[in-house]
Amino acid sequence: GGRLLLHTEANDGSVIPVWEEVDPDSVEVLKEIMASREDMVEGLKIRYRRIPITSERPPDFTDLSDLMDVVSRLYSTDTPIVLNDQLGRGRSTVASVGISLYTAVDNH
């Protein structure tokens, strides 16, 4: 509909939805961006995986299980992993801790 839902944060920490008017032809979702750049860097394979974890709630066991499944299939000491939770309110931190614990156990 030519609108994009964004979020901002108030001084008290509350999240406020904001609708912005956009040209629909000028917007790509992260999955499309990653796919278009997958083979742009010689010798580098970028793989995009989305594991939707609801904000402001602890992750479900299935969320963590999905995350560990991705890590177990792709992980090596030479594999960088990038996490993004959009609002920066804890999901990427929980995922980072989970990955760190998993790889620490896996390496010992």
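List of remarks:
- Candidate set from the range 85-105 (those that are open to solvent by 30 Å² or more (accessible area, probe 1.4 Å) and touching a Ser or Thr at 6+ places or on another chain (Cβ under 7 Å)); member that is modelled with the highest pLDDT: ARG91
- Criterion (at pLDDT below 80, open to solvent by 80 Å² or more (accessible area, probe 1.4 Å) and not hydroxyl-bearing (Ser, Thr, Tyr)) met by exactly one of PRO24, PRO58: PRO58
The values are calculated or read from the model by the stated rules, or taken from the named source; none is laboratory data. On a predicted model such as this, the values are computed, not experimentally measured, just so you know. For neighbour counting, all protein chains shown are included, and Cβ atoms are generated from backbone atoms with ideal geometry for every residue, glycine included. What goes into the accessible areas is simple: the full protein's heavy atoms, side chains included, and nothing from ligands, DNA or RNA. Shrake-Rupley method; radii C 1.70, N 1.55, O 1.52, S 1.80 Å.
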